[in-house]
Amino acid sequence: MSTKIRKIVFTALMASLICVATMIIKIPTPLHGYINLGDCVVLTAGWLLSPAYAFLAAGLGSAFADVFSGYATYAPATFVIKGLMALIAFYGFKLLHKKMGNLPSRIIS
């Protein structure tokens, strides 16, 4: 299997994990949103994938979770916000990894 196909498959896997992790445990907040475990997988996608693939996996997975949960009006904003969250995790880890090592840079990013 070629590397490009592996990247696409891994991106789709991360997007589906983000969607499922977002939908399984939802703790409602007073502002009609919810807290979920999908953010952990968004950060993991940012650390493991390249920037473009991480953005797509995080954005699509979170947006699909919004659509499937009945929050379709928030899906476009969620796509951008979660995609940027994965990009920040990627670049934050990349910058801090040289100075601090693996674990501290992942915690901070």
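The values are calculated or read from the model by the stated rules, or taken from the named source; none is laboratory data. Here the structure is a predicted model, which means the values were calculated and not measured. For neighbour counting, all protein chains shown are included, and Cβ atoms are generated from backbone atoms with ideal geometry for every residue, glycine included. Note: areas computed on protein heavy atoms with side chains; ligands, DNA, RNA excluded. Shrake-Rupley method; radii C 1.70, N 1.55, O 1.52, S 1.80 Å.
Structure notes:
- Contacts under 9 angstrom Cβ, first residue in region 85-102 being touching a residue at least 12 places away in the same chain (Cβ under 8 Å), partner in a helix (DSSP H, G or I) and of a type in the set (Asp, Glu), 6 or more apart: Met85/Asp39
- Annotation note: of Gly59, Gly92, Gly101, the sole residue that is touching a Phe, Trp or Tyr at 6+ places or on another chain (Cβ under 8 Å) and either over 20 Å from Ala15 (Cα atoms) or modelled with pLDDT of 90 or more (or both) is Gly59.
- Among the residues of region 55-65, the ones that are touching a residue at least 40 places away in the same chain (Cβ under 8 Å) and open to solvent by less than 50 Å² (accessible area, probe 1.4 Å) come to 5 in all.
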